[in-house]
Amino acid sequence: MLLKKEEKEQLVVKLAMENQNYRTIAKIAHVSFMDIGKIIRKYTGQESEVQNKNPSVTSKAFQMFKEGKSRVDVAIALNLESYEAIDLFCDYLQLLNMDRLVTVHQYLGDDLPSFLDLFDRMKDEGILTQPAITMLVNSAGKLARLEEESLKLCEQIGRLHDKKTEIKEDIEKASSLLRYLRDECSELQ
């Protein structure tokens with residue numbers, strides 16, 4: 001259901017009065033941070049005031065990240081929940097065009113320490129260069145293919161072993177039959 005402009009403004013004001021942060025308000029009301037600020041300033045009568053007098057929590061967080069503060073420090077200083085500090089840090093990295101770093105972090109999740117250990121080992125070994133990384137990735141692909149080939153060969157060896165067992169049994173049956181026929185021929189003579 002689409003809300004009319006007035007209904008969106010009322011929703012934004014209601015959420016703001018419930019002390020919801022801009023991010024939550026934006027998600028619920030489907031409006032931008034800038035529009036949220038305009039609506040709240042309009043509602044409070046501060047429409048003409050300069051916004052930089054009281055920077056937003058987001059601006060304060062970005063400034064602290066820019067100064068090298070950790071997410072924990074930002075969360076404590078700005079009284080944020082952990083997920084809010086994490087979201088703001090991801091937004092900050094995206095603003096710095098580090099979207100891929102955020103994507104890698106989200107993809108790896110709990111495996112990030114292993115990835116960082118790999119990075120440190122590569123750095124220590126002096127193989128943290130584009131050609132070395134390319135060679136490592138190619139080698140990993142070859143290893144995967146070798147493992148697949150190894151499994152296929154094991155299956156083939158198993159089939160050949162079964163065939164060998166069948167042939168041995170056939171030879172034993174043929175030998176028994178041959179002995180039987182020799183014995184029968186001997187008795188007939």
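The values are calculated or read from the model by the stated rules, or taken from the named source; none is laboratory data. Every value quoted in this text rests on a predicted model; they were computed, and no experiment measured them. All Cβ positions, even for glycine, are placed from backbone atoms using ideal geometry, and neighbour counts span all protein chains on display.
Of the residues making up region 125-157, those that are of a type in the set (A, V, I, L, M, F, W, C) and over 24 Å from PHE115 (Cβ atoms) number 4. If you go through region 64-75 one residue at a time, do you hit one that is among the acidic types (Asp, Glu), in a loop (DSSP other than H, G, I, E, B) and farther than 18 Å from GLN20 by Cα? Yes, some residue in region 64-75 is among the acidic types (Asp, Glu), in a loop (DSSP other than H, G, I, E, B) and farther than 18 Å from GLN20 by Cα.
The numbered conditions (1) within 40 Å of the chain's Cα centre (by Cα); (2) of a type outside the set (D, E, K, R); (3) surrounded by 10 or more Cβ atoms within 10 Å (Cβ to Cβ) are all true for ASN97 except (3).
Residues that are part of a helix (DSSP H, G or I) and modelled with pLDDT under 85 within region 94-107 comprise GLN94, ASP99, ARG100, LEU101, VAL102, THR103, VAL104, HIS105, GLN106, TYR107, listed in sequence order.
For the structure I just gave you, tell me whether ALA85 is among the small types (Gly, Ala, Ser), within 30 Å of LYS60 (Cβ to Cβ) and surrounded by 10 or more Cβ atoms within 10 Å (Cβ to Cβ). Considered against the rule, which asks whether it is among the small types (Gly, Ala, Ser), within 30 Å of LYS60 (Cβ to Cβ) and surrounded by 10 or more Cβ atoms within 10 Å (Cβ to Cβ), ALA85 comes out as yes. May I ask you to verify whether THR103 is under 28 Å from the mean Cα position of the chain (by Cα) and over 19 Å from LEU15 (Cα atoms)? So THR103 fits the description; yes.
A quick yes/no check of all residues on (1) surrounded by 10 or more Cβ atoms within 10 Å (Cβ to Cβ); (2) at pLDDT 90 or above:
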residue: GLY126; (1), (2): no, no
residue: GLN130; (1), (2): no, no
residue: ILE133; (1), (2): yes, no
residue: LEU136; (1), (2): yes, no
residue: LEU151; (1), (2): yes, yes
residue: LEU160; (1), (2): yes, yes
residue: LYS164; (1), (2): yes, yes
residue: ILE171; (1), (2): yes, yes
residue: LEU177; (1), (2): yes, yes
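Output the residue which, of all residues in region 61-94 that are among the polar types (S, T, N, Q) and within 24 Å of the chain's Cα centre (by Cα), is farthest from GLN106 (Cα to Cα). Looking at the filtered set, the residue picked out is SER70.
Exactly one residue among ALA26, ALA75 is modelled with pLDDT under 90 and touching a Ser or Thr at 6+ places or on another chain (Cβ under 7 Å), and that residue is ALA26.
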